[in-house]
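Take a look at the structure set out below.
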Amino acid sequence: MPLPPLKQQFAELIALPSVSCTQPEWDQSNLAVVERLAQWLGELGFVCELQEVEPGKYNLLATLGQGPGGLILAGHTDTVPFDAGRWSLEPLKLLERDNRWYGLGTCDMKGFFPLIIEALQGLPLDQIKRPLMVLATCDEESSMSGARALAQAGKPLPRAAVIGEPTGLRPVRLHKGILMEQVKITGRSGHSSDPSLGHSAMEAMHAAIGRLLHLRGQWQKQFSNPLFGVPTPTLNLGCIHGGDNPNRICAQCALEFDLRPLPGMVAEELRAKIRAELAEVAQEHQVSIDYGPLFPGVPAFEQVAGSPLVKMAERLTGYPAEAVAFATEAPYLQALGCQTIVLGPGDIDCAHQPDEYLALDRIEPTVQLLRGLINECCLSPEDPLLQGSAHA
């Protein structure tokens, strides 16, 4: 059966809703998307495997060829939630306008998969010498559960991985991590006229915030990387809730905050320092403090500048590898032994926004770039990724 043309592939994937969200009323399955991709890739000779991550959530691993080395072209099949009232067009219907293709996921990042398929159709796949894998994950936008499940399974993978997140066709070799944490303080209520009747959770939280901001200052003095637009780690106090009336000593207070570590900063070491500071606050204010992550977090990522894949991507794109502020699935693939970069056609400025789009003038350069990567990693007589260090 012939494959649909490129624009139809875009349209079909955009029309299949696959929102992932921490709010159950928004969360959806991605099964229809991975099944459609498996159908198309199967027509090209790929062996397709679905990995169930949890009910309704799947990773697709499509493989062509065998042996050591090779290349993974990776992306996620889910999208963020959307407010249709803020879009000027139908989010789940592909629309061409102003030399752009509009629709939810065109940029971030369902559109990467049809571009892979377009690139494949111009190559002698019967002559493949090292394996080529197309990886399509679930729930990147909410929990990274798909990438984490893949890493936990420990399945042997090709030597190199390119993740097609929106980078404007500029290679990215490092990004910050994300920790989203919660502090819950329980004190003792009492009448506000006599402070001895209670232990204020809100006053304890005031002290806890002071400790967090002090740690932030320490970390920003200790860690810096000029490759990032914001060169230091950040800690943002996101939301706080506590108390119920002006004349009652506050018994409950909760804070949620966001911490963005640089490569080289270890999440559990950061959390250990926070726990130590909060333990002192709890003792001083005679309250109990429960501290923990809102979700497991995403590690920071760095692929060394001199690795063969970085050099190849710089040569094929004409751009030096960069750093970005947003997080990706890169650290999970790197943990499986892959040289890894992030490189895709979209622009991050329009991701997660109404009227998301992919510029049409990115299509042909992306197809040619993908063919170049596949040619060098999977079709050339010698494996270029064996030259130099593969470790970050």
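From the backbone phi of the stretch 142-148, what are the Karplus-calculated ³J(HN,Hα) couplings (6.51 cos²θ - 1.76 cosθ + 1.60, θ = phi - 60°) in whole Hz, Gly and Pro given as x?
10, 9, 6, 5, x, 5, 5
With no solvent and one point on each alpha carbon, what is the Debye value of log10 I(q)/I(0) for the chain at q = 0.06, 0.11 Å⁻¹?
-0.28, -0.82
Full extension from Arg211 to Leu237: what is 0.36 nm times the residue separation minus their Cα-Cα distance, to one decimal in nm?
Length gained between Arg211 and Leu237: 8.1 nm.
Calculate how steeply helix 31-43 sits against the longest principal axis of the alpha-carbon atoms of the chain, using the helix alpha-carbon long axis, and give the answer as 0 to 90 degrees to the nearest 10.
20
Calculate for the chain the 222 nm mean residue ellipticity that helices alone would give, adding -39,500 (n - 2.57) per DSSP H run of length 4 or more and normalising by residue count, nearest 500 deg cm²/dmol.
After summing the helix terms and dividing by the residues of the chain, the value is -9000 deg cm²/dmol.
Which links in Lys7/Lys93; Lys221/Lys273; Lys7/Lys110; Lys184/Lys221; Lys110/Lys176 stretch past 21 Å when you go from one Cα to the other?
Listed pairs above 21 Å: Lys184/Lys221; Lys110/Lys176.
What distance in nm separates the simple spin-label points at Gln182 and Asp83, each placed 7 Å from Cα in the Cβ direction?
If labels sit at Gln182 and Asp83, their model points lie 2.4 nm apart.
Label points 7 Å out from Cα along the Cβ direction at Gln220 and Val47: separation in nm?
5.3
Using only the alpha-carbon atoms, how far is helix 201-222 inclined from the longest principal axis of the chain? Give it as 0 to 90 degrees, nearest 10.
50
Note down the nm distance, to one decimal, between modelled labels 7 Å out along Cα→Cβ at Glu268 and at Asp355.
Label-label distance for Glu268 and Asp355, simple model: 4.8 nm.
To test your reading of the geometry: what angle, between 0 and 90 degrees and rounded to tens, separates the Cα axis of helix 308-317 from the longest principal axis of the chain?
Relative to the chain, helix 308-317 is tipped by roughly 70 degrees.
Ignoring the sites themselves, what is the longest stretch of the chain with no GluC sites (Glu not before Pro) in a DSSP loop and at most 14 other beta-carbon atoms within 10 Å?
Excluding the exposed sites themselves, the longest stretch runs over 26-381.
Would you look at the GNM of the chain, springs on alpha carbons closer than 10 Å, and say which of Ser380, Ser20, Ser307 moves the most?
Comparing Ser380, Ser20, Ser307 in the GNM, the peak value goes to Ser380.
Efficiency by 1/(1 + (r/R0)^6): what FRET value for Ala305 and Glu284, r their Cβ-Cβ distance, R0 = 51 Å, to the nearest 0.05?
Result of the calculation: an efficiency of 0.65.
Values quoted throughout were computed directly from the atomic coordinates according to the rules given, and no laboratory measurement underlies them. Fair warning: this is a prediction, and the values are worked out from it, not measured in the lab. Counting neighbours? That spans all protein chains shown, and the Cβs are built from the backbone with ideal geometry, glycine included.
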